[in-house]
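The values are calculated or read from the model by the stated rules, or taken from the named source; none is laboratory data. It should be emphasised that the depicted structure is a prediction, and the values quoted were computed from it without experimental measurement. A quick note on method: Cβ atoms are made from the backbone with ideal geometry, for glycine too, and the neighbour counts reach across all protein chains shown. Each accessible area value is taken on the protein alone, full model and side chains, heavy atoms only, with ligands, DNA and RNA left out. Shrake-Rupley method; radii C 1.70, N 1.55, O 1.52, S 1.80 Å.
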Amino acid sequence: MLKTGIISMNTVRGNMSKTSGPRPDKIFLGVIFTLVVFLAGYFANTFLPPQLRSNVVVSRSATVNSSLISEINSLLQQYYISAELPSTSEFWQGAAKGYLSALNDRYTTYYTAAEWADLQQENSGTFTGVGIKLIRNEGYIQVETPIVGGPAANAGVMANDLIIAVDGETMIGKSIGEVARKIRGEEGSQVVLEVVRPGEAEDFKFTLTRATIDVDSVEYNRLDDGGYQIIISKFTESDLTEFYRQWNDAVRDIGNNPKYIVLDLRNNTGGWVVAAKHVLEEFLPSQTTIFQEQDRNGNITKTFSQRNGNWQEVPVVVLVNSGSASASEIVAGAMQDLDRAELVGKNTLGKGVEQTIQRTSDGGALFIVFKKWLTPNGRNLDLNNALVPDHFVDMTSQDIVARRDPQLSKALEVITSK
């Protein structure tokens, strides 16, 4: 039986009645791709950045026939059903992605030049689409998080949804770039997403109208009783200075004595670690351990707050869900460990690693996991060991569409009862 690395749909949904077998042409392409990936290790120095090339180790026990690529290409030219084959660069980009897949690390990934440009555009805060961030999950592309206020979030698309079709075309086995390009389109046009939601027996279909997404990283609302809800959708902006500006403006406008603060980190997939540190410092005294980092040799470095925050005495509650990851978990984990705030919502994603971004010679980028981070009490998060809220409150698609927010309601109940 051929192993493709794609998880069973029954495993995703739970006990379900319908399954679907792989198409023969997909199996054939899987065999070819596996061969190309095997050779990718031999040619690793072609697409790794210069500073990493000296660290590449190719197993000496493997015998590589350098003519095999030519043989595969000849066979494809002779037998493959389509007259048009991918270009040489596209084949090698696929090989690079496959090479990294052997790490079994969803966060160490290669972006082509086009995918890197798209990612930069999304991080700038303004782009056209449906407002979702994507991540690979074995053979599927998964919604890492819907962007707050975007068409997808408003329609009920949720973090961890697996995209199986776009406009009726299967997305199983596609790359992030392929799925993203299929979803994008002109403002005002429509796109249909079909998703599988882990634990649900039925597929979900969403007809979404593409829009210009213009979301600041930091937004805030004054509530009726003098408290504030601060929504941090991401810890990135066009640059770090812009994030600091948005946060500092919010702190200045709110003032030093709000009645309480609901810090909303739901669907925040993270960003710059130093931005998370800057936010945490607002709530803590100087020289407080706010997180730790562990390198590949096991060395641990502690990071301390370096200023006395304006809101050290202000009551705080933190909202999280399964779309809260990385830098947002650094903030939430510190607030929980230090007994500074209770968490309300659902378990977080569990991304306890940091990435470095290395540009590649083809104009793309390589995201490499290079550190683990730990909470002040030494907790390292992963998919099976995420942050668990002090008050677990679900929020369904029906709640989202009906504009109900039981998580925020519980947060207000918790904070006003203190």
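Identify, by number, the condition in (1) closer than 30 Å to residue 157 by Cβ; (2) at pLDDT 95 or above; (3) buried (at least 24 other Cβ atoms within 10 Å of the Cβ) that residue 316 doesn't meet. Against the list (1) closer than 30 Å to residue 157 by Cβ; (2) at pLDDT 95 or above; (3) buried (at least 24 other Cβ atoms within 10 Å of the Cβ), residue 316 comes up short only on (3). One residue stands out among those in segment 405-418 that are surrounded by fewer than 19 Cβ atoms within 10 Å (Cβ to Cβ) and among the polar types (S, T, N, Q): the one that is farthest from residue 289 (Cα to Cα), which is 409. Number of residues in segment 369-386 that are buried (at least 19 other Cβ atoms within 10 Å of the Cβ) and of a type in the set (Val, Ile, Thr) equals 1.
Among residues belonging to segment 387-404 that are in contact (Cβ under 8 Å) with a residue 60 or more places away in the chain, hydrophobic (A, V, I, L, M, F, W, C) and assigned to a loop (DSSP other than H, G, I, E, B), point out the one that is least open to solvent (accessible area, probe 1.4 Å). Once the filter is applied, the top-ranked residue is 387. Each residue in segment 322-348 was checked for being open to solvent by 20 Å² or more (accessible area, probe 1.4 Å), in a loop (DSSP other than H, G, I, E, B) and in contact (Cβ under 8 Å) with a residue 12 or more places away in the chain, and 5 pass. Here is a list of conditions, (1) assigned to a helix (DSSP H, G or I); (2) open to solvent by 20 Å² or more (accessible area, probe 1.4 Å), and residue 148 meets all of them except one; can you say which number that is? Unmet for residue 148, out of (1) assigned to a helix (DSSP H, G or I); (2) open to solvent by 20 Å² or more (accessible area, probe 1.4 Å): (1). Across segment 188-206, the number of residues qualifying as over 19 Å from residue 141 (Cβ atoms) and at pLDDT 90 or above comes to 3. Of all the residues in segment 102-117, those that are assigned to a helix (DSSP H, G or I), in contact (Cβ under 8 Å) with a residue 60 or more places away in the chain and surrounded by fewer than 19 Cβ atoms within 10 Å (Cβ to Cβ) number 2. Considering only residues in segment 123-134 that are part of a strand (DSSP E or B) and over 19 Å from residue 169 (Cα atoms), the one that is modelled with the lowest pLDDT turns out to be 126. Only residues that are at pLDDT 95 or above, touching a Phe, Trp or Tyr at 6+ places or on another chain (Cβ under 6 Å) and either of a type in the set (D, E, K, R) or not in a loop (DSSP other than H, G, I, E, B) (or both) were counted across segment 223-251, and they come to 3.
Among residues of segment 130-141 that are within 21 Å of residue 188 (Cα to Cα), those with a beta-carbon under 7 Å from a residue that is assigned to a strand (DSSP E or B) and open to solvent by less than 30 Å² (accessible area, probe 1.4 Å) at least six positions away or on a different chain give the pairs 130/191; 130/208; 131/146; 131/213; 132/143; 132/146; 133/144; 133/145. For segment 151-177, filtered to residues that are part of a strand (DSSP E or B), among the β-branched types (Val, Ile, Thr) and open to solvent by less than 10 Å² (accessible area, probe 1.4 Å), the residue that is farthest from residue 349 (Cα to Cα) is 166.
Every condition in (1) open to solvent by 10 Å² or more (accessible area, probe 1.4 Å); (2) in contact with a helix residue (DSSP H, G or I) (Cβ under 6 Å, 6 or more places away or on another chain) is met by residue 235 except one, and the failing one is (1).
Considered as a group, the residues in segment 48-81 that are at pLDDT 85 or above and assigned to a loop (DSSP other than H, G, I, E, B) include one that is surrounded by the most Cβ atoms within 10 Å (Cβ to Cβ), and that residue is 80.
Within segment 273-304, the set of residues being assigned to a loop (DSSP other than H, G, I, E, B) and either of a type in the set (Asp, Glu) or surrounded by 13 or more Cβ atoms within 10 Å (Cβ to Cβ) (or both) comprises 284, 288, 295. Would you be able to say whether some residue in segment 179-195 is in a loop (DSSP other than H, G, I, E, B), buried (at least 19 other Cβ atoms within 10 Å of the Cβ) and touching a strand residue (DSSP E or B) at 6+ places or on another chain (Cβ under 9 Å)? Within segment 179-195, not a single residue is in a loop (DSSP other than H, G, I, E, B), buried (at least 19 other Cβ atoms within 10 Å of the Cβ) and touching a strand residue (DSSP E or B) at 6+ places or on another chain (Cβ under 9 Å).
Restricting attention to segment 208-218, does a residue exist that is assigned to a strand (DSSP E or B) and touching a Leu at 6+ places or on another chain (Cβ under 6 Å)? For segment 208-218, residues assigned to a strand (DSSP E or B) and touching a Leu at 6+ places or on another chain (Cβ under 6 Å): absent. If you scan segment 199-227, which residues turn out to be closer than 15 Å to residue 253 by Cβ, more than 21 Å from the chain's Cα centre (by Cα) and open to solvent by 30 Å² or more (accessible area, probe 1.4 Å)? If the condition is that a residue be closer than 15 Å to residue 253 by Cβ, more than 21 Å from the chain's Cα centre (by Cα) and open to solvent by 30 Å² or more (accessible area, probe 1.4 Å), then 220, 221, 222, 223 are the ones that fit. I'd like the full set of residues that are buried (at least 19 other Cβ atoms within 10 Å of the Cβ) and either small (Gly, Ala, Ser) or part of a helix (DSSP H, G or I) (or both), limited to segment 252-272. Once the filter is applied, which keeps residues that are buried (at least 19 other Cβ atoms within 10 Å of the Cβ) and either small (Gly, Ala, Ser) or part of a helix (DSSP H, G or I) (or both), segment 252-272 yields 270, 271.
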